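S.K.: Would you mind keeping the following structure in view while I ask a few things?
Coordinate-derived values only; no laboratory data. Computed from a predicted model, the values in this text were never measured in an experiment. Heads up, the Cβs are rebuilt from the backbone with ideal geometry, glycines too, and the neighbour counts pull from every protein chain shown.
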Amino acid sequence: MAVRRYILVTGASSGIGAAMARLAAQKGHNVGLVARRVDRLEALANELRHAGSEVDVFPQDLSLPGSAEGLAPYILSRRPCVDALVNNAGATVPKGYAGTSFAQQRAFLELTVTAPTALTHAFLPSMLAQRWGRIINISSIAALSSGGKGNTLYPAGKSFLLKFSQSLNAEVSSRGVYVTAVLPGFVATEFQAANGIPVADNGATRQFAQTAEEVATEAWARNQKGHEIVVPGMAPKLAAALMRFLPEPLMRAFTRSAAEKYYVGE
């Protein structure tokens, strides 16, 4: 019989996070759900409980300073060991940098950089002690880009997650803990709509879009095999290959042309 693990998922109220939580439950694991929207979390928790999983709901806005550090001990007081951590919570700031408040940019950094590193730091010791653990960091194919107008900190933040995952995996994979950075391309979720990226039936974006379930399934399967970097889907894999090997001037021109279409100004 498969071991029933405890899987903690941030940003679990929708999109890839909800898909990861459902997948964990389908595989017979217990689940912890973290996000801001309590109503969404409770609805998902009820769904997963009906499927036979034990589910904890942790309403928390991880973009607030100190929130992750405060949440981790509370979770550990209820669950002595988090066997797998999915750092999925994410957002972006579409406007140009000068047209935003630093409070908005700091919230992005808290969510994208501080929360994943703080939660990982809190739960890693018990994973190492039992010589089994899984950490999945949801980055983006934008981690490979040169950056363009708008979403100013987004490529840098997602690149941080990629490099953090690689460095940590080098440290702990031989001790039974696998760390994976997932670099999705276009995914048909609320995140795209919230940031003005169309996923229309007749548009190029839609042709290459993946579902959250497709991303979650490939990410989960390849993390279990110890893969350090996962780019889900064939089209994003081809795009990632080009982004890695194109000369920087060409990559910069391509990235900035693509970003221009969705730039909302300051």
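S.K.: Full-extension gain between Q105 and S14, please, as 0.36 nm times their residue separation minus the C-alpha to C-alpha distance.
M.R.: The Q105-S14 span can extend by a further 30.5 nm.
S.K.: If we count every other residue with Cβ under 12 angstrom of P65's Cβ, Lys/Arg +1 and Asp/Glu -1, where does the sum land?
M.R.: Within the 12 Å Cβ shell, the charges total -2.
S.K.: Okay, moving on. What order do you get for 75-85, 98-108, 32-42, 145-155 when each peptide is scored by the mean count of other beta carbon atoms within 10 Å, highest first?
M.R.: Highest to lowest by the protection proxy: 145-155, 32-42, 75-85, 98-108.
S.K.: Restricted to Cα positions, what overall size does the range 1-117 have along the principal axes? Three whole-Å values, descending.
M.R.: For the range 1-117, the Cα extents along the three principal axes come out at 55, 25, 22 Å.
S.K.: Contour minus end-to-end for R244 and R78, with contour as 0.36 nm per residue of separation and end-to-end as the Cα-Cα distance?
M.R.: Result: 55.5 nm gained on full extension.
S.K.: Picking from T120, T112, T211, which is most flexible by a Gaussian network model of the chain using Cα springs under 10 Å?
M.R.: T211
S.K.: Using the per-residue mean of other Cβ atoms lying within 10 Å as a proxy for protection, in what order, highest first, do the peptides 251-264, 59-72 fall? Walk me through the numbers before you get to the answer.
M.R.: Details: 251-264: 14.7, 59-72: 17.6.
Descending packing order for the listed peptides: 59-72, 251-264.
S.K.: In the structure displayed, which of K163/K261; K27/K163; K149/K225; K163/K237; K27/K237 lie more than 25 Å apart, Cα to Cα?
M.R.: K163/K261; K27/K163; K149/K225; K27/K237
S.K.: Another question, then. How much net charge surrounds R5 when only the other residues with a Cβ under 14 Å from the Cβ of R5 are counted, with Lys and Arg +1 and Asp and Glu -1?
M.R.: +2
S.K.: Now for a different question. If you build a Gaussian network model of the chain, linking Cα atoms that sit under 10 Å apart, which residue out of I16, I229, I135 swings the most?
M.R.: Answer for the Gaussian network model of the chain: I229.
S.K.: With viscosity set to 1.567 mPa s at 4 °C, what whole-number translational diffusion coefficient in µm²/s follows for the range 1-69 from Stokes-Einstein and a Kirkwood radius over Cα pairs?
M.R.: 109 µm²/s
S.K.: Additional query: For the range 6-260, what does the relative contact order come out to in percent, with C-alpha contacts under 8 Å and a separation of six or more?
M.R.: 18 percent
S.K.: Quick one: Cα centre-to-centre distance for the range 1-49 and the range 208-266, in angstrom?
M.R.: 25 Å
S.K.: Place a +1 charge on the Cβ of each Lys and Arg in the chain and a -1 charge on the Cβ of each Asp and Glu, then give the dipole magnitude about the Cα centre in debye, rounded to the nearest 20.
M.R.: Working: 26 positive and 19 negative charges, 91 e Å.
Its charge dipole is roughly 440 debye.
S.K.: Within a Cβ distance under 13 Å of S126, other residues only, what is the Lys/Arg minus Asp/Glu net charge?
M.R.: Result for the local shell: +4.
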